[in-house]
Each structure stands twice: as structure tokens, then as C-alpha cells.
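Q: I am attaching a structure below and will ask some questions about it afterwards.
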Amino acid sequence: MKALVLAGGFGTRLRPLSCTRPKMLFPLANEVMLDWTLKNLASSGVDTVVLAVNYMAEALVRYFGPTKFDLGIIYSREDRPLGTGGPIKKAAELLVDGEPFLVLNGDVISDIDYGQLIEHHKRKGGLATIALIRVPDPSRYGAVELDGDDKVLRFVEKPELGTAPSNLINAGIYVLEKEVLDYIPDGKVSTEKEVFPLLAKEGKLYGHEVRGLWVDIGVPDAYLEANHLVLEKLNGSAVGEGCVVDETATVLEPSSLGNGVLIGAHSVIGPDTSISDHVQIGQGCRIERSIIFPGVTIGDYSSIRNAIIGENASIERWVKVESGSLIGDYATISDGVTITQGVSICPSKTVTESILEPGQVM
Ligand code: GDD
Ligand code: MG
């Protein structure tokens, strides 16, 4: 079976971290985010994955290469953004082989059983089946109205607050028959706004409610939540090779340390924290519910909570980084600086004075 993974979005809501890498390459519990999905596909009987790439395509091609986890990986490159539907049409020849195929949003982390979804699709006999997940607030997603036979009566993308037909939303995972390609025009197409509403109207779209781990990492909070859920699933603390953790330091579960991580005396790391390869943390630091990209240095007595620190950034001593803040790659936060909630610091920026208002610092 074949699967198309949509991996071409700009990751606008994760800037500045997505300015220097596509979001599918963000670390999650010390693995690259899309690797979690590829492993799940490989163990569900998928043999070939088509990666639909556009933004920073080369970074993806370089990282995944022609094969991974026993999957063949083919790249379908777009010279301009084709939305969520255009890439399916563009890759048609690579996907159609007499069987239905899977389509996945590459920024979704989930442990859903693809096999069960495919079975449900075959049983219902529609042209497309969407995996559905129940969420408290459907307004960021595509919400559906289902009948008693799991047929989708209505599909509404990003419904305004209070107008969603239900709390069941499109999980960004579909099984499609080749006939769906006839519903997708050439060029830039939104599957959610142009294709699903039409299929629903014709009674050819089905849904299948799934449960378990599911997060779209599109916004910082969701990315931190995905990190928490994946770490929890790992059950405990993973420690890479060559780590040196001072005997007076504490790592609270669940957390993960990559290779060559150094942690100084009396520092407390975790819970819900991913520290990537070759990160150096001084003494007396406190890092909680955060994601630290590779090569970061954190000086003595600094604290980081609910924040994401980009590759090779330098957090000096007595620094405080608070909730929802994002520090770009190679940025320097100088001694004694406080970065309050909801601040994004651009890559390579040096910050010498505290920032006490949310916003972006160029
Ligand atoms: N190849 C390619 N080309 N991929 C693209 C493009 C493009 O032009 N534009 C977006 N993508 C990819 C993104 O990288 C992402 O993996 C996926 O398509 C969905 O785009 P998002 O921008 O993340 O959409 P969303 O999160 O607002 O909404 C979608 O996902 C929700 C579930 O997470 C919709 O499918 C919703 O209906 C759904 O509920
Ligand atoms: Mg998304």
C-alpha cells in the first residue's frame, strides 16, 4: 500500500523555528517528528511513501533519502505551493496501483491504527474515508456532521466559534480511492474546502472515529503537548550515549536526553522535557516542559519553562525564559535577561535586555 504525506507547508505559526527547517524535521523526544509517522506507516503494511515537498524541500530530501524503516521514499516536488489537494493530483501516477491509498498531513503526530481505518473504508464503500478525532474546540480544524452509518453529511473547514456541526474533526488522515482524483482540479486546491464538501454532498465521504494519541503540531502549545504525550508513551526517561549528568542533578520523568548531553550540578530537568544532542546545561538550572534543539548551551542558574529553544542558541547565566516563548537558532540571550511569555526571538539575534511584553523580536 502507498501513502502520500503532505510535507510542504510553511509552518508559519511556528516561526522563527520554521524559518530554518520544515516543521516535519522538528525534534520530538529526540527523534525527528516525521520519523514517528514513517515508523507507524511501515508497521502498518505501507511499502512506499510519497513525500509531497515544497518549502525547504532539499532539507527533507537530505534527511530522509531514498529509503527509511524499510519504506521506499519518493519525492513529489512542487515548484509552487499546491495546497492540500494539488499535491495529491500531482502525485497521482505514483499513488494509483489498483488499491486505495493513504493521505496524511505531515504535521500530525498520532498512533492511529491505519489498518483499521482502511478496513472501515472498505466496509463502507465510499470514495474517501477520513479519520476523525474528538476535540473540545473544533474551530482550528475541519469539523464534520455524521449520520448513523458514518456517512459525512457536512464538512466545514475552520468553522467559526459556535457554528461547528460537531466536535468530531478531520484528523488529517484519509483513505482515498483513485476516483477522488477526478474531484481535484489541477493547480492549487484545498481538499478541505473544495473536495470534501463536494464528496459529502454526493454521499461518497465517510468518517471513522479514532482514539489515542493525536496532535497537530502547528502551533507552539500543541508542539509542546505532542512532546509531552510522546514522552509519556515512552514511559520513563531515555538517555542517549555519552551523556554526563552530574550526580547532584535530577532528571524528572518523562524526559529524554539525546547523545552527548552535559548537565551540571544541582540542575533539575523535566518533567516533559526533550533535550537534543550535544546540549550543555550548567549548574543550578531548571528546565521544565520544554524542547531544547541540538547544540544549545544553557549557562548556570538559568530557567526555562514551557518554551522551545532553537538549534545552537546560547542562553547565558541567570536567564529566565517563560511560557510559550520561542528562541530562534543561534540567538544569544545574555546574562540576567528575562524573556516573558509569548515572545519569539529571531535567529541569530542577541538580546541584552529583558523583554517583558509578548511579541516578536527581530
Ligand atoms: N506539499 C504541500 N504543498 N503540502 C502542504 C501545502 C502545499 O502547498 N500546504 C500545506 N501543506 C501541508 C502542511 O505541511 C501540513 O502537513 C498539511 O498540509 C496541512 O496543512 P496545515 O496548514 O497544517 O493545515 P491545518 O493544520 O490548518 O488544517 C488541516 O489539518 C487539520 C488537522 O490537523 C486541515 O486538514 C484540517 O481539516 C484538519 O482538521
Ligand atoms: Mg496543521
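Q: Could you check the range 222-233 and list, in sequence order, the residues that are within 17 Å of residue 26 (Cβ to Cβ) and away from ligand 2 (no atom under 13 Å from the Cβ)?
A: Selection gives 224, 225, 227, 228, 229, 230, 231.
Q: Something else about it: Between a residue in the range 157-183 that is farther than 21 Å from residue 217 by Cα and any residue that is in a loop (DSSP other than H, G, I, E, B) and within 16 Å of ligand 1 (Cβ to nearest atom), which pairs come within a Cβ distance under 7 Å, given they are 6 or more apart or on different chains?
A: Close Cβ pairs (under 7 Å, with a partner that is in a loop (DSSP other than H, G, I, E, B) and within 16 Å of ligand 1 (Cβ to nearest atom)) do not exist here.
Q: Right, here's the next one. Considering the range 280-294 alone, what residues qualify as being under 21 Å from the mean Cα position of the chain (by Cα) and part of a loop (DSSP other than H, G, I, E, B)?
A: Initially, the range 280-294 is screened for residues under 21 Å from the mean Cα position of the chain (by Cα), giving 288-294.
Within the range 280-294, 289, 290, 293, 294 qualify.
Q: Can I ask one more? Is at least one residue of the range 203-220 without any contact (Cβ under 8 Å) to a residue 40 or more places away in the chain and within 14 Å of ligand 1 (Cβ to nearest atom)?
A: For the range 203-220, residues without any contact (Cβ under 8 Å) to a residue 40 or more places away in the chain and within 14 Å of ligand 1 (Cβ to nearest atom): absent.
Q: Among the residues of the range 105-114, is there at least one that is away from ligand 1 (no atom under 13 Å from the Cβ) and not in a helix (DSSP H, G or I)? Steps first, please.
A: From the range 105-114, those away from ligand 1 (no atom under 13 Å from the Cβ) are 111, 113-114; that's our starting set.
If we keep only those that are not in a helix (DSSP H, G or I) too, we end up with 111, 113.
Yes: one or more hits.
Q: Please work out which one of (1) touching a Leu at 6+ places or on another chain (Cβ under 9 Å); (2) in the same structural domain as residue 169 (by TED's automatic domain parsing) is the condition residue 306 fails and give its number.
A: Just one mismatch for residue 306, condition (2).
The rows are residues; the columns are (1) in contact (Cβ under 8 Å) with a residue 60 or more places away in the chain; (2) under 18 Å from residue 329 (Cβ atoms).
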| site | (1), (2) |
| --- | --- |
| 250 | no, no |
| 259 | no, no |
| 280 | no, yes |
| 293 | yes, yes |
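Q: Restricting attention to the range 193-240, which residues are part of a helix (DSSP H, G or I) and of a type in the set (Lys, Arg)?
A: If we filter the range 193-240 for residues that are part of a helix (DSSP H, G or I), which is where we start, we get 193-201, 220-234.
Hits for the range 193-240 are 193, 201, 233.
Q: While we're here: Within the range 126-143, track down each residue that is at pLDDT 95 or above and either more than 16 Å from ligand 1 (Cβ to nearest atom) or in contact with a Gly (Cβ under 9 Å, 6 or more places away or on another chain) (or both).
A: Residues satisfying the conditions are 126, 127, 129, 130, 131, 132, 133, 141, 142.
So that you can scan it fast, the table gives a plain yes or no per residue for (1) of a type in the set (A, V, I, L, M); (2) in a loop (DSSP other than H, G, I, E, B); (3) within 20 Å of residue 306 (Cα to Cα):
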| position | (1), (2), (3) |
| --- | --- |
| 248 | no, yes, no |
| 253 | no, yes, yes |
| 256 | no, no, yes |
| 265 | yes, yes, no |
| 271 | no, yes, yes |
| 274 | no, no, yes |
| 278 | no, yes, no |
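Q: Does the range 18-34 include one or more residues that are within 23 Å of residue 122 (Cβ to Cβ), away from ligand 2 (no atom under 16 Å from the Cβ), within 15 Å of the chain's Cα centre (by Cα) and not in a strand (DSSP E or B)?
A: No, because not a single residue in the range 18-34 is within 23 Å of residue 122 (Cβ to Cβ), away from ligand 2 (no atom under 16 Å from the Cβ), within 15 Å of the chain's Cα centre (by Cα) and not in a strand (DSSP E or B).
Q: When both residues are 6+ apart or on different chains and their Cβ atoms are under 7 Å apart, which pairs have a first residue that lies in the range 100-120 and is more than 18 Å from residue 86 (Cα to Cα), and a second that is part of a loop (DSSP other than H, G, I, E, B) and within 14 Å of ligand 2 (Cβ to nearest atom)?
A: 109/217
Residue-by-condition table, conditions (1) more than 24 Å from the chain's Cα centre (by Cα); (2) more than 28 Å from residue 96 (Cβ to Cβ):
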{"site": "137", "(1), (2)": "no, yes"}
{"site": "154", "(1), (2)": "yes, yes"}
{"site": "158", "(1), (2)": "no, yes"}
{"site": "162", "(1), (2)": "yes, yes"}
{"site": "175", "(1), (2)": "no, no"}
{"site": "190", "(1), (2)": "no, no"}
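Q: Here is a further query. The conditions are (1) more than 15 Å from ligand 2 (Cβ to nearest atom); (2) surrounded by fewer than 18 Cβ atoms within 10 Å (Cβ to Cβ); (3) within 28 Å of residue 187 (Cβ to Cβ), and residue 116 fails exactly one of them. Which is it?
A: Failed condition: (3).
Residue by residue, here is whether (1) within 17 Å of residue 314 (Cα to Cα); (2) buried (at least 22 other Cβ atoms within 10 Å of the Cβ) holds:
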{"site": "202", "(1), (2)": "no, no"}
{"site": "227", "(1), (2)": "no, yes"}
{"site": "235", "(1), (2)": "no, no"}
{"site": "242", "(1), (2)": "no, no"}
{"site": "246", "(1), (2)": "no, no"}
{"site": "296", "(1), (2)": "yes, yes"}
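Q: If you don't mind, another one. Looking at the range 15-38, is at least one residue small (Gly, Ala, Ser), more than 13 Å from ligand 1 (Cβ to nearest atom) and over 25 Å from residue 261 (Cβ atoms)?
A: The answer is no, given that none of the residues of the range 15-38 is small (Gly, Ala, Ser), more than 13 Å from ligand 1 (Cβ to nearest atom) and over 25 Å from residue 261 (Cβ atoms).
The values are calculated or read from the model by the stated rules, or taken from the named source; none is laboratory data. Since we're looking at a predicted model, the values are computed, not measured. We place every Cβ from the backbone using ideal geometry, glycine too, and count neighbours over all the protein chains shown.
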